[in-house]
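Shown next, in structure tokens, is the structure this report addresses.
The values are calculated or read from the model by the stated rules, or taken from the named source; none is laboratory data. Note that this is a predicted model, so its numbers are computed, not measured. Please note: Cβ atoms are built from the backbone with ideal geometry, for glycine as well, and neighbour counts cover all protein chains shown. Accessible surface areas use protein heavy atoms only, side chains included; no ligands, DNA or RNA. Shrake-Rupley method; radii C 1.70, N 1.55, O 1.52, S 1.80 Å.
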Amino acid sequence: MTDAAGAPTAGERMVVLGRLAAPWGVKGWLKVHSYTDPPAAILDYPVWQLARPGGGWQPVKVVDGRTHGAGRDLVVALEGVLSPEAARQFSSRDVGLRRADLPAPKPGEYYWDDLVGCRVTTSTGCHWRPGTSRKSTSRRSASSSTGIRRFSGMDAAGPRLSIEVVTLFAERVQAALAMGVVGRALERGLVRVGTEDPRALTTDVHGTVDDRSYGGGPGMVLKVEPLATAIERAAARLPAGSPRIYLSAQGRRFDQATARRLATLPGFLLLAGRYEGVDERVLDEVIDEELSIGDYVLSGGELAALVVIDATVRLMPGVLGALESAEQESFGAGAQGSLLDWPHYTRPETWRGREVPGVLMSGNHAAIRRWRLKQALGRTAERRPDLMAGRELTIEEQRLLDEYREERKT
Ligand code: 4FV
């Protein structure tokens with residue numbers, strides 16, 4: 001149902017086709033980040049519903065549009081939007097469609113939206129549950145042109161990265177993943193995260209997975225079985241050669257370089273321990289490496305697993321939207337390399353008498369780049385001299401660092 005203005009009535013099932021980004025050009029066009037496959041399919045719908053900041057949707061006619069560069073970005077002209085200023089009010093708004101306006105799927109084909117909450121088993125034995133219906137019109141089936149997903153067998157594209165987490169708290173891990181950047185990547189099928197609960201494999205009435213430690217001492221230890229079986233079952237759902245990683249304080253320190261390495265893999269397994277840890281023979285027999293997120297002891301490996309997944313998935317191509325980028329971040333691979341981040345500011349210009357540094361509003365991009373590099377160098381030298389050790393500073397960097405230190409004196 002729609003109201004007089006053509007806006008969907010409250011409670012109407014909506015699907016999200018994409019998200020408007022920044023204004024583009026001088027005639028009021030906007031960039032749009034498309035979630036449909038192919039991305040240009042979003043232009044098949046002449047009237048979009050734009051999410052209102054306060055809730056609800058507003059219909060808007062699309063008068064023109066085309067793809068823009070590689071990937072999922074397009075540029076569009078919306079009816080009545082004729083200047084960058086007018087376009088700015090539409091930035092970062094979700095582009096939606098009434099579910100009822102989607103063409104009917106053919107037999108054996110489904111919309112994401114229709115699969116929410118289902119447990120999908122693909123021909124390759126992968127189990128997963130499609131997330132919330134934000135992106136329910138992804139078209140992946142080569143055979144159909146009606147924006148549909150065929151599940152008779154996982155199509156060639158499939159997730160770029162498959163992760164399995166062996167944990168006694170599978171639901172908590174899945175729930176914690178279903179939000180933000182990782183949540184969106186899951187929904188878009190860019191990454192798949194499966195879980196395997198060793199307790200589900202126990203045969204005794206108590207569901208025993210742990211026992212007291214040989215040699216005495218407090219606390220319990222996870223038994224070799226059903227843990228090893230759980231690890232091997234989960235590993236069987238991953239591409240061959242996927243590393244099996246145990247999260248523990250005894251592991252090698254997890255860092256951005258490791259996240260970058262994991263983001264290039266087709267798959268990996270994370271073992272989240274509990275109690276005092278796991279029987280060492282499991283590590284010897286079925287685990288490839290140990291990672292630690294820090295020199296402290298957690299009550300379980302789940303949080304560490306979530307840290308590893310978040311830091312890794314956001315580095316995957318296409319996960320961060322147009323407005324976000326991993327390129328310029330701390331510990332990045334880019335020019336900034338392993339420097340701490342520079343300070344960030346946004347509106348208002350003045351707050352409690354505190355000003356935004358003028359250079360950032362100067363529009364002088366060269367001066368802004370220098371200011372940010374100076375801040376990154378200065379803060380790293382102050383807070384993490386270990387990151388500066390062994391870093392060859394360029395003449396410009398050395399001059400900026402000296403400048404920073406001078407300014408700090410005054
Ligand atoms: C940990 C860490 C950690 C070990 C026993 C969970 C605990 C229990 N994982 N970095 N630090 N894990 O303390 O990654 O299994």
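Once Lys and Arg get +1 and Asp and Glu get -1 on their Cβ, which of Leu373, Ala389, Val359 lies farthest toward the positive end of the dipole of the stretch 350-409? So the residue we want is Val359. Proximity of backbone amide H atoms, modeled 1.01 Å from N, is registered between Lys223 and Asp210, Asp211 at under 5 Å, excluding neighbours fewer than 5 places apart on the same chain. Taking label points 7 Å from Cα along the Cα-to-Cβ direction, Asp341 and His206 give a separation of 4.7 nm. How large, in percent, is the carbon and sulfur part of the accessible surface of the stretch 159-323 at a probe radius of 1.4 Å? The C+S portion of the solvent-accessible surface of the stretch 159-323 is 52 percent. Extension gain for Met179-Thr264 works out to 28.4 nm (0.36 nm per residue, less the C-alpha to C-alpha distance). The residue among Ile163, Gly180, Val278 whose Cα reaches farthest toward the positive pole of the charge dipole of the stretch 159-323, with charges on the beta-carbon of Lys, Arg, Asp and Glu, is Gly180. Taking only the Cα atoms of the stretch 159-323, the radius of gyration and Dmax are 15.7, 56 Å. Probe 1.4 Å, all protein chains in place: accessible area of Phe169 in Å², nearest 10? Here the accessible area works out near 70 Å². Taking every protein chain into account, the 1.4 Å probe leaves Asp44 with about 90 Å² of accessible area, to the nearest ten. Computed from the C-beta positions of Ile395 and Glu290, the FRET efficiency with R₀ = 41 Å rounds to 0.50.
Here the stretch 199-300 is treated with +1 on each Lys and Arg Cβ and -1 on each Asp and Glu Cβ, and its dipole about the Cα centre works out to around 400 debye. Note on Arg244: accessible area is roughly 60 Å² with a 1.4 Å probe, heavy atoms of protein only.
Protein-only accessible surface at a 1.4 angstrom probe places the residues Arg260, Arg379, Arg399, Arg192 in the order Arg399, Arg260, Arg379, Arg192, largest first. Taking one quarter of the surface of the C-alpha convex hull of the stretch 246-293 gives a mean projected area of 3.5 nm². When the Cα convex hull of the stretch 350-409 is projected onto planes of every orientation, the mean area is 5.1 nm². Taking amide H positions as modeled 1.01 Å from N, with prolines and chain starts lacking one, the residues under 5 Å from Leu340 and 5 or more places away or on another chain are Thr380.
Available extension along the chain between Ala100 and Ile368 is 91.7 nm, counting 0.36 nm per residue and deducting the alpha carbon span. When the P(r) is computed for the stretch 1-99, the part past 22 Å accounts for 23% of the Cα-Cα pairs. Charge tally for Arg399 (other residues, Cβ to Cβ under 10 Å; Lys, Arg +1; Asp, Glu -1): -2.
Computed on protein heavy atoms with a 1.4 Å probe, the accessible areas place Arg88, Arg372 in the order Arg88, Arg372, largest first. Pairs of Cα atoms nearer than 8 Å and 6+ residues apart set the relative contact order; for the stretch 350-409 it is 31 percent.
What does the charge count near Arg252 come to, summing +1 for each Lys or Arg and -1 for each Asp or Glu among other residues with Cβ under 13 Å from its Cβ? Overall, the nearby charge balance is -3.
Between Trp351 and Leu303, the distance separating the two model label sites (each 7 Å from Cα on the Cα→Cβ line) works out to 2.7 nm.
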